[in-house]
Amino acid sequence: MKIAIGSDHAGFVLKEQLKTFLGKMDIETVDAGTGSEESVDYPDYGSEVARAVSAGRVARGILICGSGIGMSIVANKFPGVRAALCRDAETAVLSRQHNDSNILVLAGRQTGSDEAEAILQAWLDTAFEGGRHQRRLDKIKALEVDSERNPGGL
């Protein structure tokens, strides 16, 4: 499995730790940046990872910013991306089982490295359940198409 990973300055240290963690599992990572703790704009890095997932160039992605909120907003702008901000392993499991999340978003300022590894491991180990959940994902996909055709809504 190939995973793209990216962060802003607030997620840089955790990103580097998770790259090492993934490497120990022989999971190939593509680092979309940033390369330091110097202040940067999170959309620049979130969009790179989300674009790679959306285009199918990588199987999944990981994004990290200070709160995780900004990266979540950016990533979910891309077709086929289902980015989930997870603050614990249970949420990570549910994001995979029910939503087939393909980008894990973490809060770099609020998640320690041990907790982040546990969240990531749970996310990697959990499969999508399908069934009634697939019907819901199909509706989300239809919304993506409809919003392009009918951007006015009501």
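Using the alpha carbons of region 56-133, what is the convex hull volume per residue in cubic angstrom, as a whole number? Please list the in-between numbers first.
Values: hull volume 6.7 nm³, N = 78.
Spelled out: Cα convex hull of region 56-133, divided by residues, is 86 Å³.
How large is ³J(HN,Hα) for each residue in region 101-108, as worked out from phi by the Karplus curve 6.51 cos²θ - 1.76 cosθ + 1.60 (θ = phi - 60°), to whole Hz, x for Gly and Pro?
4, 10, 10, 8, 10, 10, 9, x
Compute log10 of I(q)/I(0) for region 1-77 with the Debye formula, placing one identical point scatterer on every Cα and leaving out solvent, at q = 0.17, 0.21 Å⁻¹, to two decimals.
Listed by q, the Debye log ratios stand at -0.55, -0.84.
To test your reading of the geometry: what angle, between 0 and 90 degrees and rounded to tens, separates the Cα axis of helix 12-24 from the longest principal axis of the chain?
Result, in degrees: 90.
What percent of all Cα-Cα pairs in region 2-129 falls in each 5 Å bin, counting up from 0?
2, 13, 25, 27, 23, 8, 1, 0, 0
Amide H neighbours of Ala107 under 5 Å, at least 5 residues apart or on other chains, H built in the peptide plane: list them.
none
With unit charges on the beta carbons (Lys and Arg positive, Asp and Glu negative) and the dipole taken about the Cα centre of the chain, which residue among Ala118, Asn76, Leu104 sits farthest to the positive side?
Asn76
What's the magnitude of the charge dipole for region 4-55 around its Cα centre, counting Lys and Arg as +1 and Asp and Glu as -1 at the beta-carbon? Answer in Debye, nearest 20.
220 debye
Give the long-range amide H neighbours of Ile62: residues separated by 5 or more places, or on another chain, with amide H under 5 Å away, using H modelled in the peptide plane at 1.01 Å from N.
Placed amide hydrogens put Ala4, Ile5, Gly6, Leu104 under 5 Å from Ile62.
Can you run phi through the Karplus equation (6.51, -1.76, 1.60; θ = phi - 60°) for region 80-89 and list ³J(HN,Hα) in whole Hz, with x for Gly and Pro?
Values per residue, Gly and Pro as x: x, 8, 10, 8, 10, 7, 10, 10, 7, 5 Hz.
Among bridges DSSP assigns within the chain, what percent are antiparallel (round to 5)?
Values: 0 of 17 bridges.
Around 0 percent antiparallel, to the nearest 5.
Please list, ordered by chain and number, the residues whose modelled amide H lies under 5 Å from the amide H of Gly33; skip anything fewer than 5 residues away on the same chain.
Placed amide hydrogens put Ser7 under 5 Å from Gly33.
Just so you know, all these numbers are worked out from the coordinates, no wet-lab data involved. This one's a predicted model, so the numbers in the text were calculated from it and none came from an experiment. A quick note on method: Cβ atoms are made from the backbone with ideal geometry, for glycine too, and the neighbour counts reach across all protein chains shown.
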